[in-house]
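So the structure is just underneath, and the comments pick up after that.
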Amino acid sequence: MAIAAQDHCNDAGSNGIESGTGSDGSSVNQRIARYGRTGGLEAENINLGNVKPIDIVMSLFIDDDFAGREHRKALLSLDYQVTGIAFCPHNSSSKRMVDIVYADSMAANALGRSRISELERERGGILRRALMNK
């Protein structure tokens, strides 16, 4: 999940995109599907400009920019059991972006497992230890 979030963060950040649609036209569902399979329920929150975690969460929780409060609903939904988060520079006046993806479940496919192993090697076992302590 975090890999799908990081993919979009990198793409949107470098291209100044301020939505959930990637420069290749991909949706959050398609980006997650590159790395595995969910139970069919996915969502995404994007926050621009905030740096401190409390500011990011409060912005999503207050959710003033959307009448339907979709960000708040995703943030608080008990339907989502798996979350991936990415933080990156953004090529706009916002300067920073956070992408949060949610799903009801996630089973990694071969590409997902390969990317996790790659990151595991790069980061010296941090991911595996975090997953094992779950």
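The values are calculated or read from the model by the stated rules, or taken from the named source; none is laboratory data. Because the structure is a prediction, the values reported are computed rather than measured. Counting neighbours? That spans all protein chains shown, and the Cβs are built from the backbone with ideal geometry, glycine included. Remember, those area values only see protein heavy atoms, side chains included, never the ligands or the DNA or RNA. Shrake-Rupley method; radii C 1.70, N 1.55, O 1.52, S 1.80 Å.
For MET132, the criteria (1) at pLDDT below 80; (2) over 18 Å from the mean Cα position of the chain (by Cα); (3) surrounded by 16 or more Cβ atoms within 10 Å (Cβ to Cβ) hold in every case but one, which is (3).
Can you name the residue in the stretch 88-109 that is surrounded by fewer than 19 Cβ atoms within 10 Å (Cβ to Cβ) and within 15 Å of ILE56 (Cα to Cα) and is also nearest to the chain's Cα centre (by Cα) among such residues? By that ranking, first place goes to CYS88. Pairs linking a residue in the stretch 106-117 that is closer than 20 Å to GLY39 by Cα to a residue that is in a strand (DSSP E or B) and basic (Lys, Arg), with Cβ atoms under 9 Å and 6 or more positions apart or on different chains, are MET106/ARG37; ALA107/ARG37; ALA108/ARG37; ASN109/ARG37.
Among the candidates ALA86, ALA5, the residue that is assigned to a helix (DSSP H, G or I) and closer than 29 Å to ARG113 by Cα is uniquely ALA5.
Does the stretch 19-29 hold any residues that are on the phi < 0 side of the Ramachandran plot, open to solvent by less than 60 Å² (accessible area, probe 1.4 Å) and assigned to a loop (DSSP other than H, G, I, E, B), and which are they?
Quick first cut of the stretch 19-29, residues on the phi < 0 side of the Ramachandran plot only: 19-24, 26-29.
Still in the running and open to solvent by less than 60 Å² (accessible area, probe 1.4 Å): 19-20, 22, 26-28.
Those that are on the phi < 0 side of the Ramachandran plot, open to solvent by less than 60 Å² (accessible area, probe 1.4 Å) and assigned to a loop (DSSP other than H, G, I, E, B): SER19, GLY20, GLY22, SER26, SER27.
Checking the stated criteria, GLY13 turns out to be in contact with a Pro (Cβ under 6 Å, 6 or more places away or on another chain) and either of a type in the set (Gly, Ala, Ser) or in a strand (DSSP E or B) (or both). Checking each residue in the stretch 30-50 for being of a type in the set (A, V, I, L, M, F, W, C) and part of a loop (DSSP other than H, G, I, E, B) picks out only LEU41.
Residue check: is ILE46 within 13 Å of the chain's Cα centre (by Cα), surrounded by 14 or more Cβ atoms within 10 Å (Cβ to Cβ) and either β-branched (Val, Ile, Thr) or under 20 Å from ILE116 (Cβ atoms) (or both)? Even if it seems obvious, please write down each step before you answer.
Working: within 13 Å of the chain's Cα centre (by Cα): yes; surrounded by 14 or more Cβ atoms within 10 Å (Cβ to Cβ): yes; either β-branched (Val, Ile, Thr) or under 20 Å from ILE116 (Cβ atoms) (or both): yes.
The answer is yes for ILE46.
Taking the criterion of being surrounded by 12 or more Cβ atoms within 10 Å (Cβ to Cβ) and not in a helix (DSSP H, G or I), the residues of the stretch 51-80 that qualify are ASP63, ARG69, SER77, ASP79, TYR80. State whether the residues of the stretch 54-61 include one that is farther than 23 Å from ASN29 by Cβ, touching a helix residue (DSSP H, G or I) at 6+ places or on another chain (Cβ under 6 Å) and without any contact (Cβ under 8 Å) to a residue 40 or more places away in the chain. Yes, some residue in the stretch 54-61 is farther than 23 Å from ASN29 by Cβ, touching a helix residue (DSSP H, G or I) at 6+ places or on another chain (Cβ under 6 Å) and without any contact (Cβ under 8 Å) to a residue 40 or more places away in the chain.
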